[in-house]
Amino acid sequence: MGIMEGYKDTCITPLTDFSTTNEMVGCSSLNYGRSQRKEGPINENESMNIQKGREGRRKMAEMYSVLQSLVPTLSHVHKETRQNIVAESTDYIKRLEQEIVRLENLKKSFLVDKPALSQCRNRVSSVNVTVLKGLAFFGIQFQLSQGLMTKIFCVLDKHQAEVLAANISVSDHRIATLTITVMIGHNKSDIVENIQRELFLV
């Protein structure tokens, strides 16, 4: 004891200077506040916003997935980036618009040519003639259309060929076969040839 007598350690703070009670109370209050905020109930509006956000992200992912499946230039096996999906979809839409314009122009050109095609279909496709003792037997085949039979008989009347009998049959595809027996008199082969030629032009 004689050795330590009069010795003072100025570096060590006396324990009486620490406010143990106050600091423990402060720490306890802080921890309690944190625990209360962590374990407390979530606000109802905040919960709804979180749920809406999740639902929106899910729907957006589904839309991108569907879009990827519709564009033929995108891989249907590997997942593409959204940026690539948008870019490829835009190019694909542009190509479709160009194809629509091309088809519309093709349709217009077809409608312009349609009257000429219809006129060709209305003409007689075949005329077979047999002449025997002043009689001519015509076998005429044509696409059935309004007014065509009237034109055929007008040709016969023009050449003064007297119609003795006529019969017509029509197939499922509206192909008509008309058989006509006419009297032309003897030595009138030139009349038969003229009738046959004009029937192809009606």
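The values are calculated or read from the model by the stated rules, or taken from the named source; none is laboratory data. The model shown is predicted, which means the values in this text are computed figures rather than measured ones. Methodologically, a virtual Cβ is constructed for each residue, glycine included, from the backbone with ideal geometry; neighbour enumeration extends over all protein chains shown.
At a glance:
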quantity	calculated
Candidate set from region 107-129 (those that are within 30 Å of Gly185 (Cβ to Cβ), modelled with pLDDT under 90 and among the polar types (S, T, N, Q)); member that is surrounded by the most Cβ atoms within 10 Å (Cβ to Cβ)	Ser125
Residue match in region 168-179 (condition: surrounded by 12 or more Cβ atoms within 10 Å (Cβ to Cβ), without any contact (Cβ under 8 Å) to a residue 60 or more places away in the chain and part of a loop (DSSP other than H, G, I, E, B))	no
